[in-house]
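What follows is a short report on a single structure.
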Amino acid sequence: LEIAKENKDTMGMIPCLANMAGVYKRRYEYEKSLDFYQQALNYSKEKELTSYIGKITNNIASVYFNTDQLDTALVMYKSSLAIKRAEGLELPMVITLANIGGIYVEKKMFPEAKGYLDEAYEIGKKYRYPYGLGLCLRYMAYGELEQENYEKAIKMAYEGLGYLGKRGSIIYASDFHAILSEAYEGLRKYDSALVHFKESHQIQDSLFNAT
């Protein structure tokens, strides 16, 4: 980064700044992360690098989402989505669409969530994108759980586990088991609820012990 700054190499500075922001984000140092992302975004706008603007705006949105600043995250995600649509970048749209849907689920705006999540799901299926489908189904299943549609939540959670088993995040697996536990409890199937409760906590414990 310092070398790029000395040489006034904007094209070299942007990915360096974005990577630094990503490191701080993974360390939960969100203020520093936002600072570096904003610098990268400013340089991208200066050079009118539309694809970079879309990616970095999406990353900034994720920081706001992680810190429960849902309204700001929603604005940023929609801005990123508009750029991706304009450029015809369907596959990168999946995560953005899913996260917009996820925010609407968090806000209990379920009809609004459905449109975004359905689109994310269809594109994910088209490109056979396991991680994107897993994330989408996580939000879909949670939304159905919140509406006490327990059978639908169970179906979506099992489908999501299938995708994450191929290539995904163990953290999401824990979430799916937690959803299954609550859904089975809602159906008064307490033995099944206990099985998935234990599975969810075993995964969380394994993550804690690995750190």
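Translational diffusion coefficient of the chain (Stokes-Einstein, Kirkwood radius from Cα pairs, 37 °C, 0.692 mPa s): 179 µm²/s.
Please report the carbon-and-sulfur percent of the accessible area for the range 106-162; probe 1.4 Å, protein heavy atoms only, DNA, RNA and ligands left out.
Numbers: 1550 of 3090 Å².
Exposed carbon and sulfur together represent 50 percent of the surface.
Helix 110-127 and the longest principal axis of the C-alpha atoms of the chain enclose an angle of approximately 80°.
Whole number in Å², please: accessible area per residue of the range 53-104, 1.4 Å probe, ligands, DNA and RNA not counted.
Working: 1950 Å² over 52 residues.
Per residue, the range 53-104 has an accessible area of 38 Å².
What shape does the range 95-211 take by its C-alpha gyration tensor, where a ≥ b ≥ c are the square roots of the eigenvalues and a/c under 1.5 counts as rounded, a/b above b/c as prolate, and the rest as oblate? Here the range 95-211 falls in the oblate category. Counting only protein heavy atoms and using a 1.4 Å probe, the accessible area of T67 comes to about 50 Å². In this calculation the C-beta distance from E148 to K47 is compared with R0 = 35 Å, giving a FRET efficiency of 0.10. Helix 50-66 axis versus longest C-alpha principal axis of the chain: approximately 50°, rounded to the nearest ten.
Helix 130-146 versus the longest principal axis of the chain: what is the Cα-based angle in degrees, 0 to 90, to the nearest 10? That helix lies at roughly 50 degrees to the long axis.
Which sequence of V63, V195, V23 reflects their accessible areas, 1.4 Å probe, from the largest down?
Details: V63 0, V195 90, V23 55 Å².
Descending accessible area places them as V195, V23, V63.
Remark: the range 113-157 carries 50 Å² of accessible area per residue (probe radius 1.4 Å; ligands, DNA and RNA excluded). In a DSSP loop and with at most 10 other Cβ atoms within 10 Å, the GluC sites (Glu not before Pro) in the range 11-109 are E48.
The values are calculated or read from the model by the stated rules, or taken from the named source; none is laboratory data. Bear in mind that the values here come from a model prediction, so they are computed numbers and not experimental data. Quick reminder, even Gly has a Cβ in these numbers, built from the backbone with ideal geometry, and neighbours come from all protein chains shown. These accessible areas exclude ligands, DNA and RNA; they are computed on the full protein's heavy atoms, side chains included. Shrake-Rupley method; radii C 1.70, N 1.55, O 1.52, S 1.80 Å.
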